[in-house]
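See below for the structure under consideration.
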Amino acid sequence: MLAAIGVGSLEELFERQIPSELRLREALDLPPGKPEQEVFEHLRALAGRNRSAEEQVSFLGAGMYDHYVPAVVDMLTERSEFLTPYTPYQPEVAQGGLQVMFEYQTAISELTALPVSNASVYEGASAVAAAAYMAKLHNGRSAIVVSEALHPHSIETLRTYARGYGMEVREVPTREGVTDAQAWSRAIDADTSAAIFAQPNFLGAVEDAAALSEAAGSAGGKDGPVVVAQVDPITLGVLAPPGACGVDVAVGEGQPLGNRLDFGGPSFGLLAAREEYLRRMPGRIAGATTDLDGRRGFVLTLQTREQHIRRERATSNICTAQALNALAGVVYLGWLGRRGIVELGELLLARTHYARELLAAIDGVEKLHEQPVVREFALRLDADVDAVRRRCLHAGINPGLDMHAFSGRERDRGGLLVALTERRTRAEIDRFAEVLAAAIEAERPAGAPAEKALA
């Protein structure tokens with residue numbers, strides 16, 4: 001092989017291909033190997049340091065939520081015909097997998113009120129980046145306008161991808177918990193490829209999606225930017241769907257739909273769009289057809305990965321690994337049903353309102369904003385958030401997300417993001433309020449008065 005490509009040794013091959021400053025000239029700084037039994041004991045000790053949502057009452061959210069996963073999800077996803085296949089290259093032997101994709105796409109389209117869905121992408125953050133690339137392919141422009149109330153991980157991912165696409169990311173500030181409408185309009189111009197916001201946003205606030213979409217179209221001039229909304233699918237039972245609010249592309253994190261927390265993954269990303277963006281969508285789209293005998297069947301209608309078409313025309317190289325997670329999502333939506341997802345949303349609205357008002361009444365706690373919320377809300381504490389969280393965790397309650405530690409943004413210092421799911425009972429919320437009040441009081445300097453923190 002070396003002779004065939006014209007080099008004398010493996011070392012010469014490396015020298016020709018890899019710049020010398022990138023070559024590692026010494027052995028890796030790793031400890032010596034251990035016997036299998038010692039490795040097992042070491043890994044068991046590491047695993048023992050974890051705490052699952054089953055061991056504590058969790059109010060943690062920010063994109064990953066402690067929802068109940070019904071037994072039917074495991075029963076169906078663990079069937080070998082779904083669990084073991086890699087990808088449906090041969091439709092004649094993959095009708096079940098293709099139908100799952102088709103039914104999943106149908107459910108996501110109905111949920112978002114957008115006519116086309118793919119099946120699927122990795123997770124919520126990369127779905128945002130994929131939508132931005134779709135916009136660039138669609139209109140060829142070079143700027144992305146994004147609300148700073150988008151999930152911080154999504155903004156980081158977007159910036160990483162945008163550098164490769166040669167695009168500029170313009171961040172729009174918030175005002176009173178939602179995207180500043182005037183700054184949003186000012187930031188969008190004729191060079192704006194995509195305008196992206198979250199619904200609800202990272203602070204839990206419900207945005208005026210219709211107004212943001214309309215403003216983006218007006219500010220962008222003729223053939224304005226592609227309007228992208230990052231949505232929480234669980235809230236779409238009670239919020240107007242993005243397609244009804246002028247949004248062109250809806251993306252989101254699919255974990256709340258029948259996927260467990262599982263120490264951070266895997267999950268899946270959802271992406272739905274208007275029909276004019278169909279051929280720019282990443283991943284795969286399954287379709288229904290009839291065979292020569294008139295029988296209904298399913299096929300891969302669109303495959304835009306580099307292994308299916310010319311590399312320079314590909315829009316992504318991902319989606320296969322998430323098919324099983326997307327199956328869990330459509331099983332969960334089928335289990336909930338049309339009425340069930342509305343009832344779940346209404347339940348979250350009621351419990352979230354109760355929790356928000358109860359916690360905001362504690363000395364040393366205030367609402368970070370007064371905007372409507374569905375299942376998540378931001379508070380500001382007048383005590384060290386990390387220290388308060390440690391005290392709550394010691395009492396068996398995960399109080400939520402330390403916003404500053406999570407985002408690294410100075411404006412998030414003192415912020416605690418609290419999330420509700422249907423698993424949190426009123427008794428648990430009451431207990432959380434008691435524990436949080438005690439933790440804040442314990443963290444106050446001796447002699448300090450108990451009073452509300454200033455925004």
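The numbers here are math on the coordinates, done by the rules we state, and not lab data. Note that the structure is a prediction, hence the values are computed from the model and not measured. Positions of Cβ are generated from backbone atoms using ideal geometry, with glycine treated the same way; all protein chains shown enter the neighbour counts.
Worth pointing out:
- Dipole magnitude of region 71-333, debye to nearest 20 (Cβ charges: Lys/Arg +1, Asp/Glu -1, about Cα centre): 700
- Scanning the chain for DSSP H helices at least 20 Å long along the axis (C-alpha atoms) with a Kyte-Doolittle mean no lower than 0.0 picks out 95-112, 124-139, 323-360, 426-443.
- Beta bridge orientation in the chain: antiparallel %, DSSP, nearest 5: 55
- Sorted ascending by nearby beta carbons within 10 Å, beginning with the fewest, PHE82, PHE40, PHE202 become PHE40, PHE82, PHE202.
- Selection from SER117, PRO152, MET167, by position along the positive dipole direction of region 71-333 (Cβ): MET167
- Computed from the C-alpha gyration tensor, the three semi-axes of the ellipsoid equivalent to region 71-333 are 31, 20, 16 Å, from longest to shortest.
- The chain, dipole about Cα centre (Lys/Arg Cβ +1, Asp/Glu Cβ -1), debye to the nearest 20: 620
- For region 144-184, the calculated P(r) over all alpha carbon pairs, in 10 Å bins from 0 to the bin holding the longest distance, is 31, 49, 19, 1 percent.
- Net length gained if the chain between LEU24 and ALA4 were fully extended (0.36 nm per residue, minus Cα distance): 4.5 nm
- Protection proxy ranking for 45-56, 154-165, 231-242, using the average of other Cβ atoms within 10 Å per residue and placing the highest first: 231-242, 154-165, 45-56.
- Cut-off 12 Å between beta-carbons: net charge of the residues surrounding PHE406, Lys and Arg +1, Asp and Glu -1: -1
- Antiparallel bridges, percent of DSSP beta bridges restricted to region 71-333 (to nearest 5): 45
- Region 352-388 and region 53-85 have their alpha-carbon centroids 28 Å apart.
- Footprinting exposure proxy ranking of LYS367, LYS136, fewest other C-beta atoms within 10 angstrom first, gives LYS367, LYS136.
- q = 0.26 Å⁻¹: log10 I(q)/I(0) that the Debye formula gives for region 76-137, counting C-alpha atoms only: -1.13
- Scattering profile of the chain at q = 0.13 Å⁻¹ [log10 I(q)/I(0), Debye over alpha-carbon scatterers]: -1.22
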